[in-house]
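Just below is one structure, and these are the notes that go with it.
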Amino acid sequence: MKVCTTKVETRSVLSSFRKAGQTIGLVPTMGYLHEGHMALVRAATAECDRVVVSIFVNPTQFGPKEDLASYPRDTDRDLELLHAAGVDAVFMPSPEEMYHVDNQTIVDTVGLSKVLIGKLRPGHFRGVATVVCKLLNITQPDRAFFGKKDYQQLRVIKTMVRDLDIPVRIIGVSTIREADGLAMSSRNVRLTPADRKAAAVLSKSLNFADQIAGSGITSRQLEREVRDMIDAEPRANVQSVDVRDAESLGPVRGRITTPVVVLLAVRFGDVLLIDQRVISPEKGQR
Ligand code: PAF
């Protein structure tokens, strides 16, 4: 496994794969890898000849009061896991390598980046779109793999790739969950034991939403039912519960008759957890 810290080195390793006619899959990460990331790596390995993983805690997607400094990091363990998984190359730049000192360019999906999580975390999706655009330019993969847990992020990236004609296929990979249903996230380690236990309410509320969404309920009623269920957990501090069109993320009016996504953002202590479920009223969950 080739570990590269510069763009030049990464481009040279990947261009040798390309010259040999091999397809390249990119898995962008911020490190502190868990089973959810490894599922992305497995999907990339299954679909591409060569796999490159980036590890970069991207400062531009964190707000001034967010958890950039305390974001968990363990590079040695990450590299061991990726080596054992048969990854071909890792791109691990410093912030100085990634961003020019006089960096002036940003990428912003102007509508999508300002709604839902974008309202709670102003500037977050601009930072994500910009760094993912850069990672795609640096690695020029055939496919890039992202978790469906970060549903709005996936929509932002797909929209950016469409709008900027970036020649890559973006693949969404299903969420991997702990035994009690909690979606795997690098932030879970920052939960206190009591909050970790309480956080199971997120997936429980999504299961409940799945059961009642097809019963002629409106999107507003569904939001209220889910919010009430999470509010009943005293350790949960609900930031937002939204039922949106699964494709456009636009508002859904009246009864639910087409696929919707239920999006949750809930704080436990100072840890913000998100989760989601796409629900098709006729066919059940997707
Ligand atoms: O989902 C993440 O880990 C990050 O937002 C990403 C896509 C690697 C960009 O920094």
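Below are the figures for this structure:
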{"item": "Helix-derived mean residue ellipticity, 222 nm - over the chain, DSSP H n ≥ 4, -39500 (n - 2.57), to 500", "result": "-11000 deg cm²/dmol"}
{"item": "Kirkwood hydrodynamic radius over Cα pairs of segment 183-286, then Stokes diffusion coefficient at 37 °C and 0.692 mPa s, in µm²/s", "result": "237"}
{"item": "Accessible area per residue, Å², the chain with all protein chains present, probe 1.4 Å", "result": "47"}
{"item": "Between segment 222-286 and segment 173-213, the alpha-carbon center distance in angstrom", "result": "13"}
{"item": "Exposure ranking of Glu97, Glu225, Glu80 by accessible area [1.4 Å probe, largest first]", "result": "Glu80, Glu225, Glu97"}
{"item": "Mean projected area in nm² (Cα convex hull; one quarter of hull surface) for segment 45-189", "result": "9.8"}
{"item": "Lysine pair count for segment 89-208 [Cα-Cα under 20 Å; pairs on different chains or 8 or more apart]", "result": "12"}
{"item": "Compactness of segment 1-122, expressed as Rg and Dmax over alpha-carbon positions, Å", "result": "16.0, 46"}
{"item": "With every protein chain in place, the chain: carbon and sulfur % of accessible area (1.4 Å)", "result": "50"}
{"item": "In degrees, nearest ten, helix 7-19 long axis to first principal axis of the chain (Cα)", "result": "90"}
{"item": "Counted charge near Leu14, where neighbours are those whose Cβ lies closer than 14 Å (Asp, Glu -1; Lys, Arg +1)", "result": "+3"}
{"item": "For segment 119-234, size of Cβ-based charge dipole, Lys and Arg +1, Asp and Glu -1, in debye", "result": "380"}
{"item": "Charge dipole (debye, nearest 20) of segment 165-204; +1 at Cβ of Lys and Arg, -1 at Cβ of Asp and Glu", "result": "120"}
{"item": "Candidate aspartates and glutamates - alpha carbon under 14 Å from Lys7, same-chain residues fewer than 8 apart omitted", "result": "Glu96, Glu97"}
{"item": "Dipole magnitude of segment 10-155 about its Cα centre (Cβ charges: Lys, Arg +1; Asp, Glu -1), debye to nearest 20", "result": "540"}
{"item": "Per-selection Rg to Rh, segment 118-197 - Cα, Kirkwood hydrodynamic radius", "result": "1.05"}
{"item": "Bins of 5 Å from zero: percent of alpha-carbon pairs in the chain", "result": "1, 5, 12, 16, 18, 17, 13, 9, 5, 3, 1, 0"}
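The values are calculated or read from the model by the stated rules, or taken from the named source; none is laboratory data. Just so we're clear, the structure is a prediction, and the values are computed from it rather than from any experiment. All Cβ positions, glycine included, derive from the backbone under ideal geometry; neighbour counts span all protein chains shown. Protein only, heavy atoms only, side chains kept; ligands, DNA and RNA dropped before computing areas. Shrake-Rupley method; radii C 1.70, N 1.55, O 1.52, S 1.80 Å.
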